[in-house]
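Below: the structure, in structure tokens.
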Amino acid sequence: MIDSLKIESLKLSERSSNEISTIKRNTKIETMNIICRWALTVSLSSDLPPPPLAKEDKIIREIDWKIFAGDYEYLIMALLKERISQEKIELTNESLNDQLRAHVQRGLSLIASQKKIRSIADFIELGLA
């Protein structure tokens, strides 16, 4: 049953889409999936669980899983499953998709709020901190 778990796409709210635009403008990174991967890693580096998703968030954009994950599909899936296990959340398709979205959303908010990020180098430094 666990082997049949999958993610079809990363769903993004209007807020997340706006934050991606801010990050693109500040860093000149044009590829949304790369920004979202960085956001995921920033969020996963926190010991705290991400805030729950707002039910009223309207999904305005989606990134296909294969585009989002790229060559890192198995690594990202393993990281998400491990985090879900650590947080004692039942591992289901819904929880996997929700946690991906919640972590990316939190990571985007954290990155977009960093006033010192004005270049790709600053962006990379944030990921290494």
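Of note:
- Under 5 Å, built H, 5+ apart or other chain: amide partners of residue 61: 12
- Degrees separating the helix 14-27 axis from the principal Cα axis of the chain, which is the longest one: 40
- Calculated on the alpha-carbon coordinates, the convex hull of the stretch 1-52 measures out at 125 cubic angstrom per residue.
- Residue 124-residue 46 pseudo-label distance in nm [points 7 Å out on the Cα-to-Cβ vector]: 2.6
- Nearest-ten-degree value, helix 32-44 long axis tilted from longest Cα axis of the chain: 70
- Spin-label pair residue 57/residue 4, simplified geometry with 7 Å Cα→Cβ offset, distance in nm: 2.8
- Helix-only arithmetic for the chain: the sum of -39500 (n - 2.57) across DSSP H runs with n ≥ 4, divided by the residue total, places the mean residue ellipticity at 222 nm at -18000 deg cm²/dmol.
- Modelled FRET efficiency - R0 30 Å, residue 18 with residue 67, Cβ distances, 0.05 increments: 0.90
- Protection proxy ranking, peptides 103-111, 81-89, average beta carbon neighbours within 10 Å, highest first: 103-111, 81-89
- As an equivalent ellipsoid, the stretch 1-98 spans semi-axes of 22, 15, 14 angstrom, where each value is the square root of five times an eigenvalue of the C-alpha gyration tensor, largest first.
- Eligible lysines near residue 24 by straight Cα distance, threshold 30 Å, same-chain separation 8 or greater: 6, 11, 55, 58, 66, 81, 115, 116
All of the numbers you see were taken from the coordinates with simple rules; none came from a lab. Note that the structure is predicted; figures quoted are calculated from it, not measured. All Cβ positions, glycine included, derive from the backbone under ideal geometry; neighbour counts span all protein chains shown.
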